[in-house]
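Chemist: Have a look at this one before I ask anything.
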Amino acid sequence: MATGSAAGVREGLSTVTRGTLLVLIGTLGLIGLTFVSRVFLIHTISYPEWNAFSFGLTLAALLSSFGTLGLPSAVARSIPYAASDDERRAFVRGSLWIGGGAAIASGLLLWLFSGPIGTILGDPVIGFGLSIFPIAVACSILASMIVSIFQGFEDVFPNAIFLSIVNPGLFVVFLGVALFLPPFGISYTESLVAYALANVVTLALLAGYAVRRLPRHLPSGPRAPAALGKLLRFAAPLFIVGIMGSISGSGDTLILGVFHSNEVGTYSASLTLARLLQVGVSALGYIFLPVATRFLRQSEPGSILLTYATATKWMILLSLPLFVLFFFLPASSLGFVYGSGYALVVAPLQIAVVGAFVTTLCGPATTAQVVYGQTRLLMVNAVAGGLIDLGLSFLLIPAYGYAGAAVAWAGANVAYTALSLGQVALAYRVHPFSRDFVLPVLATALPIGAALFLLRPALPYLAVPLLGLAIAGLFLLIVLATRSIGEGDRLLLEAVERLIGRPLYLVRRLGRYGLRRTG
């Protein structure tokens, strides 16, 4: 690889590493704070009110996805790909104006239909909740627009901090105020107001951050009028992608609720664990989008491939231990997280975790399609995934309940990601499946999995995370033992050293041992 290209990959890997770590920290904060808020609500409001609140959250998230009109991903890709600041200013201002209009329209739509929805469902509590959720919907859409602009400038701070930590953190704080102040409790109305208020304050803080920081990325000046039309044409297929992604992510759960409403809680618990495997790749994809787009604009396709393969390889450190634990020790894993009451039903977790792990092995393939402008193909893939989820759900859930729902979710996710990876691999040779990636994964997962399957150890719950750390350590040792270190790993090490500001001599010596000699 030429020096200039190596320098570009090193810089890109540095940005990817820093951004992925920050997004991961934010995601873990989001998971923890969301758990705390749900504990507050479950223990203070009635079961019918909690069901109504959960239904409102689901519908609000779905409407927020529709209301963004596919613009966030389009903006995050278009800003680094733009040829001039004039185009970037048009993208920024146009997306904010359109996003603001969509936010207001979406909020009004939900408010107008809140009563009729409650009437149709025969639950006025749901109708009342939906009359307050529009505030959160509008704020969420506008916040997504602002965050996507900074994503285009390779700045993940607004997403990782404001959306993932500040927003759920404020919700917990407001619930705590209601809980510990007279009359010492959280009513259903107070929970709705707390959620809406958290979104309003988050949007205000995010807007203040944008006013202060955005001029550093993009100075004021004229706009290119034709650029906005280009952005909207690029966003149109991504709008369909967002809709179908929401369907494939929650359609199986909704259909399970229709046929087996008593199994939704158990299934949701398993699905939440399975989705943890995808956290690393999701964080990687968030920063990979602008970095890879910059490489594409600079005509460095080799840098995109090397960054994709290297970053995906090291994300396995997060997903592989979770896969082994959740698939081979499902009861212990469920018991560790939720308590012994959830450790009796393991099939949904084992099925869903297989699908989640396969998507992790593929890397951020759907993001790569956005980078290369394959939005129409991505739309077709998303439609296929949504139809598979709905088709398998209606076919399997009536007879097999939560196991059928897990098959539908896993099948839809695998099909969507695998189609995207196959298309970018055929067109641009972008994929992670080199010897340095496949060999350590198989050499770690197969013997550990076989041992756990044959021995079936009854581990205490506290031993589960320790075993996960041991699996991650074994993966690192096998990478060295099989000499599965390549040029991308060396550049990643240099990027990490630049990030922390000091050389890692021990890691360098181990890396030289594991560097496979070719030629």
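Chemist: Look through Arg77, Arg89, Arg93 and report the one residue that is of a type outside the set (Asp, Glu) and buried (at least 21 other Cβ atoms within 10 Å of the Cβ).
Modeler: Arg77
Chemist: Follow-up. Scanning the stretch 121-143 for residues that are of a type outside the set (A, V, I, L, M, F, W, C) and surrounded by 24 or more Cβ atoms within 10 Å (Cβ to Cβ), which turns out farthest from Leu197 (Cα to Cα)?
Modeler: Gly129
Chemist: Would a scan of the stretch 182-204 turn up a residue that is closer than 18 Å to Val75 by Cβ and either of a type outside the set (Ser, Thr, Tyr) or assigned to a helix (DSSP H, G or I) (or both)?
Modeler: Checked the stretch 182-204: at least one residue is closer than 18 Å to Val75 by Cβ and either of a type outside the set (Ser, Thr, Tyr) or assigned to a helix (DSSP H, G or I) (or both).
Chemist: Filtering the stretch 210-234 down to residues that are in contact with a helix residue (DSSP H, G or I) (Cβ under 6 Å, 6 or more places away or on another chain) and part of a helix (DSSP H, G or I), which residue is nearest to Val137 (Cα to Cα)?
Modeler: The residue in question is Ala210.
Chemist: For the stretch 93-108, does any single residue satisfy the condition of being over 26 Å from the mean Cα position of the chain (by Cα), closer than 30 Å to Ala178 by Cα, at pLDDT 85 or above and part of a helix (DSSP H, G or I)?
Modeler: Yes, the stretch 93-108 has at least one match.
Chemist: Identify, please: which residue in the stretch 441-466 is touching a Ser or Thr at 6+ places or on another chain (Cβ under 9 Å) and crowded, with 17+ Cβ neighbours inside 10 Å and is, among those, nearest to Leu318 (Cα to Cα)?
Modeler: Val464
The values are calculated or read from the model by the stated rules, or taken from the named source; none is laboratory data. Note that the structure is a prediction, hence the values are computed from the model and not measured. Cβ: placed from backbone, ideal geometry, glycine included. Neighbour counts: every protein chain shown.
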